[in-house]
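Heads up: the structure comes next, in structure tokens.
No value in this document is a laboratory result; all are computed from the given coordinates. Small disclaimer: the values here were computed from a predicted structure and weren't measured. Here the Cβ is made from the backbone with ideal geometry for all residues, glycine too, and neighbour counts use every protein chain on show.
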Amino acid sequence: MKQNKLRVMGKLVIFLLVWGAVQAGIIDGTSGNQEQEAMENYLKTARVVKVIKGATGGRTAPWVVNLSDGQVQKQAIFKFVNRPRPAMLPDSYRYELAAYRLSRLLELDFVPPMVERTIEGRPGSLQLLIPGTMQESYRASRGLEPPDKAAFDQALAEILIFENLVYDQCLDGADILIHKASWKVWRIDFSEAFAPVEELLPDCPLKNCSSNLYDSLMKLSEESVESALKSYLNEAELAALLKRRQLILNKIKELIEEQGEEAVIFVKK
């Protein structure tokens, strides 16, 4: 009995430490694996306090959901439209989930934590709403400069590669969020991604890549992709994704041959 109690108390201490990191970290603009996992658990289990419908507008009119675990209250975005391909205008929360799972496979941290959950009888994607952010379009229109431009540009470079990988519109100012205090960059809205196109995005050239992302792309296997994403993507979407991965790697190798590795591969700040 004493051992069980100690085990429970140990788990509680670990949870509180991790949750403290979540509150000081991902909610305020930074992140890490433990924090992401803790937030995923929160999104899965926190009680739905209130559902706000029609507050966000947009083509799919997602809901804003107020959550509480009895101690912490947070908001999340719930998307439930499920119109996958071959629909004429594909738009699905399942593509959101696929993008998040892929970002975790690649050890990227710019897609806010997300889980699959059913709310009011509707299955959908529930994604943490990051407070204190501005859209990239707002930043650019007002000429606001990041305190560390190199780090900011590196974050956008990683996002650009990921957008090519999932075949979603590149560097859309409305889909890139910037935390006002930390200047951490986030990328949201992948509900139209993963078109079965076996080429990279037009007018969206790759220029450089972080060493971590380059290594992750090289290690990304067909088996790991299919295991993580087969419940969200069809065969054509999966095949095109894997083809684009190879095209990205080919392009990076080509750039290295032309410019040298130091000009193309950077160590993320």
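Our summary gives the chain a relative contact order of 16 percent, counting only alpha carbon pairs under 8 angstrom and 6 or more residues apart.
Peptides 118-126, 203-211: what's the order by average Cβ count within 10 Å, highest mean first? Mind showing how you got there, number by number?
Working: 118-126: 17.0, 203-211: 15.2.
Final packing ranking: 118-126, 203-211.
Which value results for Rg/Rh of region 127-269 when Rg is the Cα radius of gyration and Rh the Kirkwood radius based on the inverse mean 1/r? Spell out each step's value before the answer.
Working: Rg = 15.9 Å, Rh = 16.3 Å.
When Rh is taken as the Kirkwood radius, the ratio is 0.97.
Comparing ALA193, ALA38, ALA98 in a Gaussian network model of the chain, where Cα atoms under 10 Å apart are tied by springs, the biggest mean-square fluctuation is seen for ALA38.
Against the empirical 2.2 N^0.38 Å (N residues), region 135-210 has a Cα radius of gyration ratio of 1.12.
Isolated cysteines in the chain, defined as those with no second cysteine Cβ under 4.7 Å, comprise CYS209.
Over 24 Å between Cα atoms, which of LYS149/LYS180; LYS219/LYS269; LYS74/LYS230; LYS180/LYS251 qualify?
Working: LYS149/LYS180 14 Å; LYS219/LYS269 22 Å; LYS74/LYS230 30 Å; LYS180/LYS251 33 Å.
In this structure, LYS74/LYS230; LYS180/LYS251 lie more than 24 Å apart at Cα.
Can you divide the C-alpha Rg of the chain by 2.2 N^0.38 Å and report the result to two decimal places? Let's see the in-between values first.
Numbers: Rg = 19.3 Å, N = 269, 2.2 N^0.38 = 18.4 Å.
My calculation over the Cα atoms of the chain gives 1.05.
A protection proxy built from the mean count of other Cβ atoms within 10 Å ranks the segments 249-256, 151-158, most packed first, as 151-158, 249-256.
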